[in-house]
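Each remark here refers to the structure printed beneath this line.
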Amino acid sequence: MATYTSSDKQSIAGEFFDALGTFYRKRWLLGYFIHRQVTRSYRGSYLGIVWAILGPLVWVFFLALIFSNVLDIKNRTVQGDPTLNFGLFLYCGLLPFLTFSEALNKGINSIRSNSGLVQKVVFPLEILPFTNAIASMVDKVFGFGALLIMLLLFGRTLHPTLLYMPVIVVLQVIFILGLTYIMAVLGTFLPDVAEVMRPVIRGMFFVTPILWPAGLLPENLSWIENYNPLAYLVNAYRDLILNGTLPGALSTLYFTLFSVALFIFGFALFVRLGPKFADHL
Amino acid sequence: MTPAISLKGIGKKYRIASSKSLHLRELLSFGKKQHTQDFWALQDIDLEVEQGTTLGILGRNGAGKSTMLQIISGVLQPTTGTVTVNGRLTAIFGLGSGFNPEFTGRENAMMNGLILGMDRHEMLERFEEIEAFADIGDFMDRPVKTYSSGMKSRLGFAVAVNVNPDILVIDEALSAGDASFKKRALQRMYDLRDSGTTVLFVSHSMGMINRFCTDAVLLHRGHMISRGTPEEVVGQYRDVLEKSQNKEPDKNTERDRQLDYTIAHEDEDDMPDLPKGKRGQRRPTGEAEILDVELLDEDQHQAHRVPAGSNLTVRVRARYAQAVEESAFGAVLRDRAGTLLFANSTDMEESSLGPREKNEVVTVDFTFGVPYHPGEYGVEATVSGDAGRLLGRTGEAITFAVVAEELAAGAVSQPPSRVEVHDSEELGPAT
């Protein structure tokens, strides 16, 4: 590490695994970065970190309240579960969607918003998108906690399938990381991508079964759901948390393969082009 | 010995366009229209820097100095050529640039250290030192947004120099901060230089380059046009500056010379080694040479950190270059702001030194109680002759740190000071 020569051209695989190793070598730096990112928005408030759980709790409480007592809209016709509150159903789908949209938005800016570090310090850049992705996941873990609390308050039993959630979260992290790295590269070289992604993210919200239940689409449009990795995540969340069923094995396999491929592609792209970032800021 | 830094055929090309959309227009015209220009910020740079060198980099604004440092530190990739760096390199391009205003100084210092490549446990070990150097008191645990800009740079510099790099790259980072901080920063840089750190240093201050560097290069429009001793290169730099001024008519007026003088001497007041304002008259005659100054604690061990309230002995050893009728040794203690805290000399204590032969070596011990306030202090020693003539003095202040320790109740006054004169023959091994 002490000695380097700029002309040491490594193979892509070599660079790839080298960069993966940085995450271990720089684990403390990574830890502080993530901690900083997670606590940043609560800094300076009187309640501090309490807001991490209180914020989502208030939100999910209002969602649940609006869709039960105030408007008396329930979910009985579409989901076949007369006690399911639509607010909770909605929030359960929102959680994976929010990690997706944050991954895109923050990923695009992850290099630009840290231009001070990129231009002024010799710094393992791959840490920056990683931090964004993990911090947004950690944030959603609090949201997940809030959801469980509300489920209990509404008198629902917690399904044993919840124990499978870590598996889905790991797959989701790989998926989110892949997206974030690709977005970081695109956003750095092409600032216009940020403008393009805004409508794309909004569109994704409507073509993913978040507001509407899975399987609602007619036969000729079902590809919208079937080839949408985000739809897989939303459905898996609802299966494990609300319905107590397991997501399909085949679709899980497809999603895993897709996420891993996305990550390998995104990370390799990032590692290869990272040294050029400083010129483009 | 392998060079610390080796550059071969380094070039850095930029494409210049006034806006990004011009790039697109050029692409869409399929080469018919040229909206961008190639600009070589650096070209054909070959440079080897031996370990332990202090290299000053001179050049006008836009000459490519910062680009060169950024390429050396690995932030930028060169368009052509290869860079080889041996050793841990720390680059300071602007102090405290990575600080987050919402977090405390302590948290930011830790982050900054980790960013600069330290391990967490290394950082924890050095925290006390960093805190003492930054000297911002309780602010260490307050959010950085409450800091003054001076405090920010102090903390940033404290972290950067405590990384103990093999190679230190500084891009005009010292222009921030007040005089007292500047002085300490310089002192620390001298320490680093003297401990064998390779230092690369950009400055527009020719005086700084002259005094601080062992070697210098001059960049002009992306080319390295000379390399040599600081004096030579500074001379050439003056020529370059003059050429660029030639078009202006009022050259060599009285005012102009004054300005030149001011520019050349602008930072001399901040030098750590000399008292302010007296530089001209107080040059030593060289009739005596101070060989070394040792700091000894109460157990007669060499010490650079002493507990508050303890006694410190300053052992000054000097040789007379000529026979002298009457002379006196003096020692002064200053805090880091340069305020005189304590002064003593052999004639104040009425210990006469008497006439001394040429080449005779004399040792004098000054013992005094160190201040109670923790921090860094500097000691200077002088040998003066009759009528206050200065025969010799220390080149730069010897620094030591006072560290806080629990005080015995009522221990507020400083113990009396003492002066002892030894001839060097009498000086046995420290007991």
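Restricting to region B:101-120, name every residue that is in a helix (DSSP H, G or I), more than 9 Å from chain A (Cβ to nearest Cβ) and more than 19 Å from B:Ala91 (Cα to Cα).
If the condition is that a residue be in a helix (DSSP H, G or I), more than 9 Å from chain A (Cβ to nearest Cβ) and more than 19 Å from B:Ala91 (Cα to Cα), then B:Gly105, B:Arg106 are the ones that fit.
What tally of residues in region B:295-314 results from selecting those that are touching a Ser or Thr at 6+ places or on another chain (Cβ under 6 Å) and closer than 14 Å to B:Ile398 by Cβ?
Here the count works out to 2.
Does B:Phe181 satisfy the criteria of being aromatic (Phe, Trp, Tyr), surrounded by fewer than 20 Cβ atoms within 10 Å (Cβ to Cβ), without any contact (Cβ under 8 Å) to a residue 40 or more places away in the chain and assigned to a helix (DSSP H, G or I)?
Answer is no for this residue.
Determine if region A:125-139 includes at least one residue that is more than 14 Å from every other protein chain (Cβ to nearest Cβ), over 19 Å from A:Phe267 (Cβ atoms) and surrounded by fewer than 22 Cβ atoms within 10 Å (Cβ to Cβ).
Yes - at least one qualifying residue is present in region A:125-139.
Could you identify the single residue in B:Gly81, B:Gly64 that is touching a residue at least 60 places away in the same chain (Cβ under 8 Å), within 14 Å of another protein chain (Cβ to nearest Cβ) and closer than 18 Å to B:Tyr14 by Cβ?
The unique qualifying residue is B:Gly81.
For every residue, the table says whether it meets (1) within 14 Å of another protein chain (Cβ to nearest Cβ); (2) surrounded by 14 or more Cβ atoms within 10 Å (Cβ to Cβ); (3) of a type in the set (Phe, Trp, Tyr).
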{"position": "A:Tyr227", "(1), (2), (3)": "no, no, yes"}
{"position": "A:Tyr232", "(1), (2), (3)": "no, yes, yes"}
{"position": "A:Tyr237", "(1), (2), (3)": "no, yes, yes"}
{"position": "A:Asn243", "(1), (2), (3)": "no, yes, no"}
{"position": "A:Thr252", "(1), (2), (3)": "no, yes, no"}
{"position": "A:Thr256", "(1), (2), (3)": "no, yes, no"}
{"position": "A:Phe267", "(1), (2), (3)": "no, yes, yes"}
{"position": "A:Arg272", "(1), (2), (3)": "yes, yes, no"}
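For B:Ala63, state whether it is surrounded by 22 or more Cβ atoms within 10 Å (Cβ to Cβ), assigned to a loop (DSSP other than H, G, I, E, B) and either hydroxyl-bearing (Ser, Thr, Tyr) or in contact with a strand residue (DSSP E or B) (Cβ under 7 Å, 6 or more places away or on another chain) (or both).
yes
Could you list, in sequence order, the residues of region B:368-393 that are more than 30 Å from B:Gly137 (Cβ to Cβ) and either among the basic types (Lys, Arg) or in a strand (DSSP E or B) (or both)?
Taking region B:368-393 and keeping what is more than 30 Å from B:Gly137 (Cβ to Cβ), we get B:381-393.
Those that are more than 30 Å from B:Gly137 (Cβ to Cβ) and either among the basic types (Lys, Arg) or in a strand (DSSP E or B) (or both): B:Ala381, B:Thr382, B:Val383, B:Ser384, B:Arg389, B:Leu390, B:Leu391, B:Gly392, B:Arg393.
Can you name the residue in region A:34-52 that is part of a helix (DSSP H, G or I) and facing chain B (nearest Cβ under 8 Å) and is also surrounded by the most Cβ atoms within 10 Å (Cβ to Cβ) among such residues? Explain how you work it out, then say what you get.
Initial filter on region A:34-52 (part of a helix (DSSP H, G or I)): A:34-40, A:50-52.
Of the ones still in play, those that are also facing chain B (nearest Cβ under 8 Å) are A:36, A:40.
Numbers: A:Arg36: 18, A:Arg40: 13.
The qualifying residue surrounded by the most Cβ atoms within 10 Å (Cβ to Cβ) is A:Arg36.
B:Gly56 versus (1) crowded, with 21+ Cβ neighbours inside 10 Å; (2) closer than 22 Å to B:Ser226 by Cα; (3) of a type outside the set (S, T, N, Q); (4) within 14 Å of chain A (Cβ to nearest Cβ): which is the lone unmet condition?
It fails just one condition, (4).
Among the residues of region B:383-393, are any closer than 24 Å to B:Ala158 by Cα and more than 24 Å from the chain's Cα centre (by Cα)?
As a first pass, look at region B:383-393 and keep what is closer than 24 Å to B:Ala158 by Cα: none.
The answer is no, given that none of the residues of region B:383-393 is closer than 24 Å to B:Ala158 by Cα and more than 24 Å from the chain's Cα centre (by Cα).
Out of all the residues in region A:39-53, is one or more closer than 30 Å to B:Val75 by Cβ and modelled with pLDDT of 80 or more?
Looking for residues that are closer than 30 Å to B:Val75 by Cβ and modelled with pLDDT of 80 or more, one finds at least one in region A:39-53, hence yes.
The rows are residues; the columns are (1) surrounded by 15 or more Cβ atoms within 10 Å (Cβ to Cβ); (2) touching a Lys or Arg at 6+ places or on another chain (Cβ under 6 Å); (3) modelled with pLDDT of 90 or more.
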| site | (1), (2), (3) |
| --- | --- |
| A:Gln119 | yes, no, no |
| A:Gln172 | yes, no, yes |
| A:Leu186 | yes, no, yes |
| A:Arg202 | no, no, yes |
| A:Pro209 | yes, no, no |
| A:Leu216 | no, no, no |
| A:Trp223 | no, no, no |
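The values are calculated or read from the model by the stated rules, or taken from the named source; none is laboratory data. Remember, predicted model here, so these are calculated numbers, not experimental data. FYI the Cβ positions are ideal-geometry reconstructions off the backbone, even for glycines, and counts take in every protein chain you see.
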